[in-house]
Structures are given as C-alpha cells and as structure tokens.
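Below you'll find the structure, written out as structure tokens, and then a few comments.
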Amino acid sequence: DAGVIQSPRHEVTEMGQEVTLRCKPISGHDYLFWYRQTMMRGLELLIYFNNNVPIDDSGMPEDRFSAKMPNASFSTLKIQPSEPRDSAVYFCASSPGLQGDGTGELFFGEGSRLTVL
Amino acid sequence: AQTVTQSQPEMSVQEAETVTLSCTYDTSESNYYLFWYKQPPSRQMILVIRQEAYKQQNATENRFSVNFQKAAKSFSLKISDSQLGDTAMYFCAFMKPRDDKIIFGKGTRLHILP
C-alpha cells in the first residue's frame, strides 16, 4: 500500500479564500483522523471518523471548518473562509483501530502545509 | 478529559549518549494505550513504541524503551546509544480504547549532536 496520501503538500492562499485539503487513507483502515500542528498548540485533533461516520468533531475550531468522508477511500477538510490564524500543517492519519490484530497505531500522511496571507 | 503533558520542549545530547524524554498524562481510565511517535525533519510521523496499560512489563524496541509508572501516570521514553538519525520531534500520545481517540502532547524537540 502507498500509505496515507494527502494533497496538496503546500497551499498558499489569501484570507477569505476557500481551502480544501484531501486525504486518501490506507485501504482497510476503519479510522481516519485530521490533526492540525502549530508551534504554539502542538498536534490538535480536529475530527475523526469511524467507517466514514464522524465520531468526534469537538476539536474543530469553528464553523468555518468542515470535514467529510463520502467513502472509505477519501476525506476532505475544508476551511471557508480561511484566516491567517489557520496557517498550520494539517495531517491526516488512518488506523485499523484495536479490532482484530489492530494495535491502534496511527499511520500519518506527509501533511499539508497551509499558509493564509 | 484526558491530557498529555511533555514538560521538556527541547533537549540536546551528544551522539552515543542515553537520553530520557518525559511524559505524564491524566486519566480516570484503568485501561488505555500509550504511544511515542517520532517526527523527523522530513515531517512524516512514525510510531516508535507502544504500551498497554494493563501490561506491567515496560515495552522495548531495540534502542528505545519506556518507563511506565501507572500509579504516577508517567510514561517516559529512553533512547540508548543515541544516533544522529534520532534527531526529531517526539510526541507522547494517549488512547482510550472505548473511543479510539488519540491525544498528543505538545512534543519534545530532540537534537543529537555529533
């Protein structure tokens, strides 16, 4: 498997624009997580899905953020409208969870670095 | 809510030395999982080691081992014979099995000096 694939790797946009980050999880993984990494706040969990269903979105900062998982192989994180304080690296991770032989390990993508000017 | 605290924002050690990274957590759960993840400068995060709370034996993976003190809610990572390739950000993480949500500490930036 190619691992978790995120796009774009880098995104520079202007304040007020819509940003869409994309993620393809590892096939067979039931869980998908979106994290945001900043120097000040470290790694924050934004939202996670189990079998395409959002389980906990309490980490989503505000209504400008939304995430979807229309099928088992694709998820998006959208910011509309974007603001400079949204600048961060956004990570997607998938996991088999603890079912069967699962260890709960997270498999991360390479991240999307977002800069909002 | 669970919290994970890493009290050392940054550390530097000489190559071949042993270094210990601290992590404490807060939970009322009796069964849970703890992890250490490594994020090298290339940014890709990878799992270093994993500990199940109901196992008293400390986990080890080659040069990496943990000191798990359940009563003290402490989970430190020891890196023996440190190598230049160990230079990275290290994150401690907690998972409660019932919801599979994984919470991370803020990380410790480790520099291995030649």
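The values are calculated or read from the model by the stated rules, or taken from the named source; none is laboratory data. Every value quoted in this text rests on a predicted model; they were computed, and no experiment measured them. In this analysis, Cβ positions are derived from the backbone assuming ideal geometry, glycine residues included, and neighbour counts consider all displayed protein chains.
Yes/no matrix, rows are residues, columns are (1) under 10 Å from the mean Cα position of the chain (by Cα); (2) under 15 Å from A:PHE108 (Cα atoms); (3) surrounded by fewer than 16 Cβ atoms within 10 Å (Cβ to Cβ):
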| site | (1), (2), (3) |
| --- | --- |
| B:CYS23 | yes, no, no |
| B:SER28 | no, no, yes |
| B:ASN31 | no, no, yes |
| B:LYS55 | no, no, yes |
| B:LEU77 | yes, no, no |
| B:SER82 | no, no, no |
| B:PHE91 | yes, yes, no |
| B:ASP99 | no, no, yes |
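No other residue among A:GLY59, A:GLY28 is touching a Leu at 6+ places or on another chain (Cβ under 6 Å), at pLDDT below 95 and surrounded by fewer than 19 Cβ atoms within 10 Å (Cβ to Cβ) apart from A:GLY59.
Any residue at all in segment B:35-44 that is of a type in the set (S, T, N, Q) and more than 14 Å from chain A (Cβ to nearest Cβ)? No, because not a single residue in segment B:35-44 is of a type in the set (S, T, N, Q) and more than 14 Å from chain A (Cβ to nearest Cβ). Within segment A:17-44, residues that are part of a loop (DSSP other than H, G, I, E, B) reach partners that are basic (Lys, Arg) with beta carbons closer than 7 Å, at six or more positions or on different chains, in the pairs A:GLU18/A:LYS78.
Residues that are under 13 Å from the mean Cα position of the chain (by Cα) and aliphatic (A, V, I, L, M) number at least 2 in the following strands (runs of 3 or more DSSP E) confined to segment A:62-117: A:65-71, A:74-79, A:88-95. The numbered conditions (1) over 18 Å from B:GLU10 (Cα atoms); (2) outside any loop (DSSP other than H, G, I, E, B) are all true for B:LYS38 except (1). Residue count for segment A:37-54 satisfying the condition of being surrounded by 15 or more Cβ atoms within 10 Å (Cβ to Cβ) and either within 10 Å of chain B (Cβ to nearest Cβ) or within 18 Å of A:VAL19 (Cα to Cα) (or both): 9. Quick check on segment B:15-29. Is at least one of its residues touching a helix residue (DSSP H, G or I) at 6+ places or on another chain (Cβ under 9 Å), farther than 15 Å from B:ILE103 by Cβ and either modelled with pLDDT under 95 or not aliphatic (A, V, I, L, M) (or both)? Yes; the residues of segment B:15-29 include at least one that is touching a helix residue (DSSP H, G or I) at 6+ places or on another chain (Cβ under 9 Å), farther than 15 Å from B:ILE103 by Cβ and either modelled with pLDDT under 95 or not aliphatic (A, V, I, L, M) (or both).
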